[in-house]
Amino acid sequence: MLASADERHACGHCEPCLRRRSGQGEAILPDMATASRAVRSVPPGGCQGRTNIESNTTAGGGPPGEGEMETVQEIVVLGGGRQAVRHLACYGKLREELGIGIAAVVDPAEDRRANCRAVLAAAGFDADSSRLVADLEHLDGTLDLDSTVVDVVVPTRLHYSLAAAASQMGARHLIVEKPLAHSLEEAFRFLDLSGTVHVLENYLFSAVTATMLECLESLGSRPFFMRTEFSKDRRPDSSKGRGTSPGYVPHVFTVEMPHQVAVANRMLGSVGHVVDAWDEDMVLPDGTLAGHGEGAIVLMHEGGVTSCHFSSLNGFRHRGATHRTATVYCTDGARVRGRFASTPDLRAGVEVFRNDRRIASHDLTDDSLTRALGGSLEAFRRRQPGPNDVHFGIEVLRIIDRGFQLAAEAR
């Protein structure tokens, strides 16, 4: 059986504890029971059937007390690129259930702002009522950021600077794309920001993750090994410089690997420490991108459980295909395999095997990005902690950072 929440828990909330654990040593995710419940509590397709976000402020008009509802109705999206467009489409799916609107989209490029306006209209928002501006400063004094969610969807190197700027302007609820920061050192600086920060790790909220956890619990089996592969063909984008800048190319460990590490830590009930890692360059017709091709990180978890995580940005088996799977192997011959959505129809599935014979199969629709955004909005509304807070983001980056070190040593 998986360890109980009490057996898995150790201090991870205080800053000194997190700083001590930023090295190679093992660490435990804080409050795993709460985190696991959060995964299961978000229904497929987002927050379907939930009541609209409501106001329940104190009589004096100040912020609500512990356990009271809070008004979170407007969203400011920082960024207008491809991923920001995906976020806007997801907010459109949550628009009626959560009663939300898009207050503003901030992006310096006029063409991206124009595209976002079209996306807003297609998603059912009143695009004319949303402000589309080139700089966050243009919103200073014009929006009540105290009751607004700021969604940071920009290149990783800009995460902290824009989150800090929004916080200084009064934002108390921030969602930041994974990975949390450009470096582990910068990630710790998020602890000094006022308000609540959630790292957008959508696979924590995936229907596949939740179903795999339920299958493992039902089997009563003890995992001893886990393998994940998240691969996609990034060669066309990388050859055009997407996500790069002079002197900077995103390492393969920063693209898909944060998803894989997060899923493993959740599935196995403890944060692993890195025991091995390797990486390879991406070779393109016009040059080589160092550390950008493919690689793997191996983790050791509590109880001697090992997990191995491989990612290729050269495509699945070097073909132009996307492939995201996770498989947990158990000591009694049971095996649970999850296939995450990788096509526009969002089809996914979970299969359960015992001694190589399939004993169960679950077909799923896995809109994990919508589920994750809805989960954060719900947590903000209820003033409850989420499984994807700053401490979570730091722990993932600690693993990625150690992976960098071991991969460099292996070259």
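Values quoted throughout were computed directly from the atomic coordinates according to the rules given, and no laboratory measurement underlies them. In this text the structure is predicted, and so the values were computed from the model without any measurement. Every residue, glycine among them, receives a Cβ derived from its backbone with ideal geometry; neighbour counts consider all protein chains shown.
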For the range 206-359, the percent of all C-alpha pairs falling in each 10 Å bin, from 0 up to the bin holding the max distance, is 11, 38, 32, 15, 4, 0
Restricting things to Cα coordinates, could you compute the convex hull volume per residue of the range 129-251 in Å³? 200
Once you have a ≥ b ≥ c as the square roots of the Cα gyration tensor eigenvalues for the range 74-180, tell me rounded if a/c is under 1.5, and otherwise prolate or oblate according to whether a/b is larger than b/c. rounded
Among the trypsin sites (Lys or Arg not before Pro) in the range 93-190, which ones are in a DSSP loop with at most 13 other Cβ atoms within 10 Å of the Cβ? Mind listing them? none
Among the Cα-Cα pairs of the range 270-365, the proportion with separation greater than 22 Å, in percent, is 48
quick shape note, the range 118-182: Cα extents on principal axes in Å, largest first -> 33, 25, 20
What is the range 119-178's relative contact order, in percent, from Cα pairs under 8 angstrom and six or more apart in sequence? 35
If I take the Cα coordinates of the range 236-321 and project them onto the principal axes, what are the three extents in Å, biggest first? 47, 27, 19
